[in-house]
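What follows is a short report on a single structure.
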Amino acid sequence: MRSWGLLLWNEWIKLWKRPGFFVPYLLLAILAGGSAVIIHSIKADLFASGFDFTTGMLAPSGSGLLILILAVSSSVKIVTQEYRYGTIKFLLIRSHSRASILTAKLAVSLLYTLTFTLFAFLAFFLAGGTTFGFTMAAGDTWNQLLLAGVYEWIFLVIYVLIALMIAVLTRSGGKAIGMGIFIAMLNDLSIPKPFFKYVLFPNTDLSVYAAGHPPMAGMTLGFSATMLAIYAGLVIGISYLLFCKRDVS
Amino acid sequence: MIGSNQGVSKAGIGQTPILRLEGVTKRIGSRAIVDHLSFEIGGGEVVGLLGPNGAGKTTTIRMIVGLIGMNEGDIYIAGQSVRANHAAAMKCVGGIIENPEFYPYMSGYDNLKQYQRMTPGVSEERMLEVIRLVGLTDAMGRKVKGYSLGMRQRLGIAQALLHRPKLLILDEPTNGLDPAGIREMREYLKRIATEEGISVLVSSHLLAEIELMCHRVVVIQEGKLVTVQSLAQEAKTTVGIHLELRVAAEHRELARGLLAMRKDVQLLEQAEGGSEGLAFSSLSGVQVGAPLFLQAAEAVIPELIAQLAAERVRIHRLEEHKVSLEDEFLKWTGGNRIA
């Protein structure tokens, strides 16, 4: 367990030492500050409070997709840089199984995505609070605010996992980012047929259930959570299969 | 010098093989890239893996370290199966596969630290020791981006030696190095093999390099084992020295007769003629005969020269006839394609 912890630490160091590590966080800060100032100056009554602003902006229907683009483009490098630099060879001829190496990579990408969520959460809360006020409006609760953060993280995680699967498959950063974002763009796609509720896209945004209008009839929070778990399991399974079996040339 | 063929494919110096390949086969589609390949490497041995382009050298090396899977057979490193127990087998191996590649944005120290963390039991002291061994102490704080190829090779060796492996695998270690770098590399390898007492498997297409570095060579072609040869130095002293003698054309038969009469000199028939074996006349019109090939012990040679001189045989050349690894290699692999 300790040696696997060190693998995780290695992955984090590789992210941390990369030039431009702070760039996505800086962009998030600009996004939060900019959107708060602009929205407040155009339509000051759009959000009742800083709480309302944070919840609205964090949702995939707010700026969640922009955060996703940052998260996907930063985290696929966890896999693809090893192929790009050729360090995959040194990495795989160690006394560790390929599965444990991929597990460390997936785990660190979930943590990395979590830092994006937390940072975005704080940035939007501070920016929203400064412009729209830190006092709670009617109907605002801490619980609701925190859930918005958790749901955004889940939304990011599912697409980051898909992008990582494509990264393992194609070994190319450009392809993984491009295809990952393309699939995420399809998130707003809607087909009014019963089968569509089994497709990934309508299930990714769990925040809609808090607002009380499910995307399709017959869908519940539990149903969507189950669907997400199945898709995540599938994507992770394919990644392991590809990573552990394939020849490295 | 090329010595006698030491068995078929048994390990040399050490008795228990550090590396053992057993009928290893890799197929892509229906084509066998590596076809039932078996050989062994003993402890403390430096073995060269040779073969023409596309012979399967790189595939073999990648199979040994588990980067590529095999269809049949198995590979054992210090008794551990690469197929069944990859992690345990990799404990005993360090390697550079093709070029040494690092994270360019990190310092040499941070890069090495990555691999130190990946292996339990490698202390900070060991890391510094290895850095000293490869002579990179002053460069460790700099980013790898700014390293020369020679420095990256040395850092590659450092990462390979970190966990005190029993077997070092080097795929084209002198690729892209300048002559000074090649010599440096060779000296490192020799020092490592003696100081750390580890076996080395090295693939290279620079045959002269292999000749200087290795105890034995394993030659493969089209994925199959062609031959295993030992490059033993001792063969020279026991069997005698091969000499090539050129005398004036009109004295050739006389010299030949004198040599044939001596019991301590063996006349050799040169099977393959080649252009070097022919008689020639120099620009000034001196006729020089075709060479005579002979084998004699060290002590006999001065007597031999004295005798020839006394018989007034005009000696133009008396040279040690070295069979280079290149000549042998071309013979084994049937010629026209250079490794």
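The values are calculated or read from the model by the stated rules, or taken from the named source; none is laboratory data. Not measured: the values here are computed from a predicted model. Every residue, glycine among them, receives a Cβ derived from its backbone with ideal geometry; neighbour counts consider all protein chains shown.
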A careful count of residues in segment B:145-177 that are among the small types (Gly, Ala, Ser) and surrounded by fewer than 19 Cβ atoms within 10 Å (Cβ to Cβ) gives 4
Please give the number of the condition A:CYS244 fails out of (1) part of a helix (DSSP H, G or I); (2) more than 14 Å from every other protein chain (Cβ to nearest Cβ). (2)
Keeping to segment B:178-205, report how many residues are surrounded by 18 or more Cβ atoms within 10 Å (Cβ to Cβ) and in a loop (DSSP other than H, G, I, E, B). 2
Looking at A:LEU122, A:LEU65, A:LEU92, A:LEU111 in this structure, which one is closer than 30 Å to B:ILE96 by Cα and of a type outside the set (D, E, K, R)? A:LEU92
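When only residues in segment A:1-44 that are in contact with a His (Cβ under 9 Å, 6 or more places away or on another chain) and hydrophobic (A, V, I, L, M, F, W, C) count, which is farthest from the other protein chains (Cβ to nearest Cβ)? Talk me through it step by step, then tell me what you get.
Just the residues of segment A:1-44 that are in contact with a His (Cβ under 9 Å, 6 or more places away or on another chain), to begin with: A:3-4, A:7.
This time we only want the ones that are hydrophobic (A, V, I, L, M, F, W, C), so: A:4, A:7.
Numbers: A:TRP4: 10, A:LEU7: 7 Å.
Top of the filtered list is A:TRP4.
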Would you pick out the residues in segment B:231-263 that are modelled with pLDDT of 85 or more and outside any helix (DSSP H, G or I)? B:LEU243, B:GLU244, B:LEU245, B:ARG246, B:VAL247, B:ALA248, B:ARG262
Within segment A:28-44, count every residue that is surrounded by fewer than 17 Cβ atoms within 10 Å (Cβ to Cβ) and of a type outside the set (Gly, Ala, Ser). 5
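I'd like to know if segment B:120-143 contains one or more residues that are assigned to a helix (DSSP H, G or I) and facing another protein chain (nearest Cβ under 10 Å).
Initial filter on segment B:120-143 (assigned to a helix (DSSP H, G or I)): B:124-133, B:137-139.
Retained after the next criterion (residues that are facing another protein chain (nearest Cβ under 10 Å)): none.
No, segment B:120-143 has no match at all.
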If a residue has to be within 22 Å of B:PRO120 (Cα to Cα), surrounded by fewer than 23 Cβ atoms within 10 Å (Cβ to Cβ) and more than 7 Å from chain A (Cβ to nearest Cβ) to count, how many in segment B:89-99 make the cut? 1
Go through segment B:1-92 and tell me which strands (runs of 3 or more DSSP E), entirely inside it, have 2 or more residues that are at pLDDT 90 or above and more than 24 Å from B:PRO173 (Cβ to Cβ). B:17-28, B:31-42, B:72-77
Please verify whether A:THR103 is touching a residue at least 24 places away in the same chain (Cβ under 8 Å) and hydroxyl-bearing (Ser, Thr, Tyr), treating the condition exactly as stated. yes
Out of all the residues in segment A:128-148, which are surrounded by 12 or more Cβ atoms within 10 Å (Cβ to Cβ) and hydroxyl-bearing (Ser, Thr, Tyr)? A:THR130, A:THR131
Count, please, the residues in segment A:19-57 that happen to be under 30 Å from A:GLU82 (Cα atoms) and free of Cβ contacts under 8 Å to residues at least 60 places away in the same chain. 7
Identify all residues within segment A:61-118 that are within 14 Å of chain B (Cβ to nearest Cβ), surrounded by fewer than 18 Cβ atoms within 10 Å (Cβ to Cβ) and of a type outside the set (Ser, Thr, Tyr); write none if there are none. A:ARG84, A:GLY86, A:ALA99
In the set A:LEU221, A:LEU234, which member is more than 14 Å from every other protein chain (Cβ to nearest Cβ), among the hydrophobic types (A, V, I, L, M, F, W, C) and under 29 Å from A:LEU145 (Cβ atoms)? A:LEU221
If we keep only residues of segment B:71-88 that are more than 10 Å from chain A (Cβ to nearest Cβ) and buried (at least 19 other Cβ atoms within 10 Å of the Cβ), then the residue nearest to B:THR16 (Cα to Cα) is B:ALA78
What number of residues within segment A:31-57 are modelled with pLDDT under 90 and closer than 22 Å to A:ILE177 by Cβ? 0
The condition from (1) on the phi < 0 side of the Ramachandran plot; (2) outside any helix (DSSP H, G or I); (3) not β-branched (Val, Ile, Thr) that A:GLY218 misses is numbered (1)
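Only residues that are within 7 Å of another protein chain (Cβ to nearest Cβ) and either assigned to a helix (DSSP H, G or I) or in contact (Cβ under 8 Å) with a residue 40 or more places away in the chain (or both): list them for segment B:105-114, please.
First, pick out the residues of segment B:105-114 that are within 7 Å of another protein chain (Cβ to nearest Cβ): B:105-106, B:110, B:114.
Residues satisfying the conditions are B:TYR105, B:ASP110, B:GLN114.
Could you tell me which of the residues B:GLY141, B:GLY121, B:GLY135, B:GLY108 is buried (at least 18 other Cβ atoms within 10 Å of the Cβ) and not β-branched (Val, Ile, Thr)? Walk me through how you get there before you give the answer.
Values: B:GLY141 fails: buried (at least 18 other Cβ atoms within 10 Å of the Cβ); B:GLY121 fails: buried (at least 18 other Cβ atoms within 10 Å of the Cβ); B:GLY135 fails: buried (at least 18 other Cβ atoms within 10 Å of the Cβ).
None of the others qualify; the one that does is B:GLY108.
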Scan segment B:40-54 and give yes if some residue there is at the interface with another protein chain (Cβ under 8 Å from one of its Cβ atoms) and either surrounded by 24 or more Cβ atoms within 10 Å (Cβ to Cβ) or not β-branched (Val, Ile, Thr) (or both), otherwise no. no
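Any residue that is touching a Pro at 6+ places or on another chain (Cβ under 6 Å) and either modelled with pLDDT under 95 or more than 16 Å from A:LYS89 (Cα to Cα) (or both) - is there at least one of those in segment B:106-119? I'd like the intermediate steps shown before the answer.
Filtering segment B:106-119 down to residues touching a Pro at 6+ places or on another chain (Cβ under 6 Å) leaves none.
The answer is no, given that none of the residues of segment B:106-119 is touching a Pro at 6+ places or on another chain (Cβ under 6 Å) and either modelled with pLDDT under 95 or more than 16 Å from A:LYS89 (Cα to Cα) (or both).
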Using the structure shown, decide if A:PHE47 is away from every other protein chain (no Cβ under 14 Å), buried (at least 21 other Cβ atoms within 10 Å of the Cβ) and over 24 Å from the mean Cα position of the chain (by Cα). yes
